[in-house]
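The values are calculated or read from the model by the stated rules, or taken from the named source; none is laboratory data. This one's a predicted model, so the numbers in the text were calculated from it and none came from an experiment. Neighbour counts are summed over all protein chains in view; Cβ atoms, including those assigned to glycine, are modelled from backbone coordinates with ideal geometry.
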């Protein structure tokens, strides 16, 4: 008798195809690591204006890196290029960068998001819309005084003569666009409003407070606290934040909705400076610097920024796990490695 052959042989499953804009950046690179570990085929598009190629694996069989402006990269993709998931993290980041170059900030945030959404609406499997996550910011809440901030709260912005509000407005337009694509084109879109994400690979070049503090403490320099230091923020480790994104995008109940994402445990900026000094055993001092010295032109800061996390907890069970002290130590260790010891 002829040898029988099984007809139940396993059929290889193609890896999930994922696009990350801004994937060489701080948050994007952590997300790329997570998705590669999950077994996905990841395409990263980044112009390296604020991201770093070194944030990504040097060579990985399932990683494709495209150094380009996002809009140009999308135009260059072939007609048959489709993605199972898209994460849009490319954006102008940091208060200092926004104030120094508001034109670039506005153009980057609005034009690139618009191009990405047009692409996503027809580049999913079979030409259908691709599930897409849009990174937004707690800046969208503007100068509202309510605490904690809920996703459906009113937003309050300062005058157009104060450059920082241009960033808030541009991110709000991104959200409006994303939700309109969901309504008009059935795009499975999720909007994540990040609240002060911190951790390894974050640099202080663009005004980010924790890497500035950690770098100063490591060099024995004074930690410069802008204003009187009583303003409070909630800091969440990037690994907690990045880890939540795939689950949010995969949950149909999250599509067409906006979610706060971060920690809801506030700390004053002065207390943060003291915590960095203590955690790292530094001899650095802490010095207050008036806003007029820290930023050129008009500047408005906020006394507090704390999210209501009820919605994201109910949707995906999100709960930050990494304590701030561990984030500080890990950021310091990454700094030492980056600078060769």
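When you scan segment 196-205, how many residues do you find that are assigned to a loop (DSSP other than H, G, I, E, B) and under 14 Å from the mean Cα position of the chain (by Cα)? Of the residues in segment 196-205, 6 are assigned to a loop (DSSP other than H, G, I, E, B) and under 14 Å from the mean Cα position of the chain (by Cα).
For segment 100-156, the set of residues classified as under 21 Å from the mean Cα position of the chain (by Cα) and at positive phi consists of 142 only. What residue, among those in segment 78-107 that are surrounded by fewer than 21 Cβ atoms within 10 Å (Cβ to Cβ), in contact with a helix residue (DSSP H, G or I) (Cβ under 8 Å, 6 or more places away or on another chain) and at pLDDT 90 or above, is farthest from residue 243 (Cα to Cα)? Within segment 78-107, the match that is farthest from residue 243 (Cα to Cα) is 82.
Condition check: at pLDDT 95 or above, in contact with a strand residue (DSSP E or B) (Cβ under 8 Å, 6 or more places away or on another chain), outside any strand (DSSP E or B) and over 20 Å from residue 133 (Cβ atoms). Does residue 57 satisfy that?
Numbers: at pLDDT 95 or above: yes; in contact with a strand residue (DSSP E or B) (Cβ under 8 Å, 6 or more places away or on another chain): yes; outside any strand (DSSP E or B): yes; over 20 Å from residue 133 (Cβ atoms): yes.
So residue 57 fits the description; yes.
Conditions (1) touching a helix residue (DSSP H, G or I) at 6+ places or on another chain (Cβ under 8 Å); (2) surrounded by fewer than 18 Cβ atoms within 10 Å (Cβ to Cβ), marked per residue:
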{"position": "254", "(1), (2)": "yes, no"}
{"position": "278", "(1), (2)": "no, yes"}
{"position": "304", "(1), (2)": "no, yes"}
{"position": "311", "(1), (2)": "no, no"}
{"position": "316", "(1), (2)": "yes, no"}
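May I ask you to say which residue of 202, 218 is buried (at least 21 other Cβ atoms within 10 Å of the Cβ), out of contact with any strand residue (DSSP E or B) (no Cβ under 9 Å at 6 or more places or on another chain) and within 22 Å of residue 331 (Cα to Cα)? Quick ask: steps written out before the conclusion?
Numbers: 218 fails: buried (at least 21 other Cβ atoms within 10 Å of the Cβ).
On inspection, the qualifying residue turns out to be 202.
Look at (1) more than 21 Å from residue 308 (Cα to Cα); (2) surrounded by 16 or more Cβ atoms within 10 Å (Cβ to Cβ) and you find that residue 172 fails only one, number (1).
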